[in-house]
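**Student:** There's a structure below that I have some questions on.
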Ligand code: CA
Ligand code: CA
């Protein structure tokens with residue numbers, strides 16, 4: 001793994017992001033994950049779907065997993081949500097979430113950008129996929145790295 005990936009976030013920043021995932025998932029049955037790697041090999045849209053599947057994120061009961069993906073060296077990021085979400089939200093949902101993140105990323109505030117993206121996604125998801133008493137944590141609330 002590239003040092004750039006290792007150094008992208010401090011341990012404290014990683015914990016801030018994990019806390020945001022935990023908090024967001026208290027509002028929704030949706031599952032949010034963050035993946036960080038060096039390069040997306042030129043096609044971020046294809047790569048994010050590949051990672052989504054590698055992380056088994058399409059295995060949620062309601063098909064409501066969301067991944068926030070960052071390619072550190074490419075200075076690129078993307079968000080991808082599973083079919084269950086895209087049947088209910090319009091494209092504007094993803095664009096507005098991306099815009100919030102982009103504004104922070106531009107100023108080098110990566111942790112803030114990612115956590116704001118998580119919070120926004122969680123709020124939006126909670127409208128369509130509220131958290132039920134029977135909720136389980138279907139996907140780990142950790143940051144994965146490639
Ligand atoms: Ca859950
Ligand atoms: Ca989770």
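Just so it is clear, none of the values below were taken in a lab; they were calculated from the coordinates. These numbers come from a predicted model, not from an experiment. With ideal geometry, Cβ positions are generated from the backbone for all residues, glycine too; neighbour counts draw on all protein chains shown.
**Student:** Would you mind giving the three semi-axes, in whole Å and largest first, of the ellipsoid equivalent to region 3-145 according to its Cα gyration tensor?
**Tutor:** In descending order the semi-axes read 22, 16, 15 Å.
**Student:** Most mobile of 127, 63, 33 per a Gaussian network model of the chain (Cα springs, under 10 Å)?
**Tutor:** 127
**Student:** On to the next question. Over what distance in Å are the Cα centres of region 29-70 and region 113-145 separated?
**Tutor:** 13 Å
**Student:** Rank 70, 18, 89 by mean-square fluctuation in a GNM of the chain with C-alpha springs under 10 angstrom and give only the top-ranked residue.
**Tutor:** So, out of 70, 18, 89, the one fluctuating most is 89.
**Student:** Specify the residue with the greatest mean-square fluctuation among 50, 92, 62, computed from a Gaussian network of the chain linking alpha-carbon atoms under 10 Å apart.
**Tutor:** 92
**Student:** Ranked highest first by the average count of other Cβ atoms within 10 Å around their residues, in what order do 96-109, 113-126 fall?
**Tutor:** Put in order of decreasing packing, that is 113-126, 96-109.
**Student:** Right, another one. Obtain the nm distance between the two label points defined at residue 13 and residue 136 by a simple spin-label model: each point lies 7 Å from its Cα along the Cα-to-C-beta direction.
**Tutor:** 3.5 nm
**Student:** Count the DSSP beta bridges whose two residues both fall in the chain, then state the antiparallel fraction as a percent rounded to the nearest 5.
**Tutor:** 40 percent
**Student:** Determine, from the Cβ-Cβ distance of residue 87 and residue 55 and an R0 of 25 Å, the FRET efficiency 1/(1 + (r/R0)^6), rounded to the nearest 0.05.
**Tutor:** Once the sixth-power term is evaluated, E becomes 0.75.
**Student:** State whether region 1-62 is rounded, prolate or oblate according to the following rule on the C-alpha gyration tensor (a ≥ b ≥ c being the square roots of its eigenvalues): a/c under 1.5 gives rounded; otherwise a/b larger than b/c gives prolate, and the remaining case gives oblate.
**Tutor:** oblate
**Student:** Roughly what angle does helix 110-128 make with the longest principal axis of the chain, taking Cα atoms, 0 to 90 degrees, to the nearest 10?
**Tutor:** It is inclined by approximately 20 degrees.
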